[in-house]
């Protein structure tokens with residue numbers, strides 16, 4: 001499962017990623033670190049931000065695909081962070097079941113966390129949210145309150161994981177109600193689905209072994225008749 005994070009400066013994206021999803025086995029990938037590494041490796045340039053902008057404008061799909069090649073999105077992974085609906089559209093195309101979580105934090109709290117220059121950077125970031133012709137905020141699958149406690153947000157993350165499971169069941173054709181009173185039945189359906197998959201896999205293995213045994217037995221009988 002690939003989850004991308006988005007949010008303004010000081011929202012608490014990295015704090016959330018490193019303190020909650022990591023407890024659930026998610027590997028955290030910092031997009032800046034990946035871009036910085038690729039830029040240095042391919043060009044030996046230090047102005048990785050400028051280089052990334054150039055590459056995104058030149059061939060957004062190619063550079064995004066390259067970034068994702070450094071992310072093990074076949075397993076549980078967090079990409080910190082995505083700030084453009086254009087970029088998110090490409091990620092969604094490459095990893096169709098990826099999810100986008102917005103870390104939304106009150107202005108008063110973000111103001112306490114800001115560094116010099118963050119206000120101007122956020123003005124640009126808000127523009128980036130719309131540079132693909134849509135709005136990144138309308139693509140959110142879930143939100144986290146960056147001003148809330150870790151305990152509160154851990155519960156919110158658990159609810160998100162349940163939502164993803166429900167969504168998968170719905171895609172598989174199960175009738176799913178996205179409400180709290182249906183949670184137990186949804187989990188039951190998910191467990192039944194997993195158990196059925198295991199039984200099918202086991203049956204296929206037994207059938208394959210049976211066919212091999214029959215083939216060996218028939219081959220042995222043919223050899224005996226030829227003697």
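The values are calculated or read from the model by the stated rules, or taken from the named source; none is laboratory data. If you're wondering where the values come from, they're calculated on a predicted model, not measured in any experiment. No Cβ is skipped: glycine too gets one built from the backbone with ideal geometry, and neighbour counts run over all protein chains shown.
Residue-by-condition table, conditions (1) in the same structural domain as residue 85 (by TED's automatic domain parsing); (2) closer than 30 Å to residue 194 by Cα; (3) in contact (Cβ under 8 Å) with a residue 24 or more places away in the chain:
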position: 106; (1), (2), (3): yes, no, yes
position: 131; (1), (2), (3): yes, no, yes
position: 142; (1), (2), (3): yes, yes, yes
position: 154; (1), (2), (3): no, yes, yes
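Restricting attention to region 57-69, the residues being surrounded by 19 or more Cβ atoms within 10 Å (Cβ to Cβ) and closer than 21 Å to residue 7 by Cα number 3. Using the structure shown, decide if residue 97 is touching a helix residue (DSSP H, G or I) at 6+ places or on another chain (Cβ under 9 Å) and under 18 Å from residue 16 (Cβ atoms). No: the conditions fail for residue 97.
The condition of being assigned by TED's automatic domain parsing to the domain that holds residue 7, touching a residue at least 12 places away in the same chain (Cβ under 8 Å), surrounded by fewer than 18 Cβ atoms within 10 Å (Cβ to Cβ) and outside any helix (DSSP H, G or I) holds for only one of 72, 46, that being 72.
Among the residues here, residue 18 qualifies as free of Cβ contacts under 8 Å to residues at least 40 places away in the same chain and within 16 Å of the chain's Cα centre (by Cα).
Among what's in region 91-120 and is loosely packed, with under 14 Cβ neighbours inside 10 Å and within 15 Å of the chain's Cα centre (by Cα), pick the residue that is farthest from residue 145 (Cα to Cα). In this case the residue turns out to be 93.
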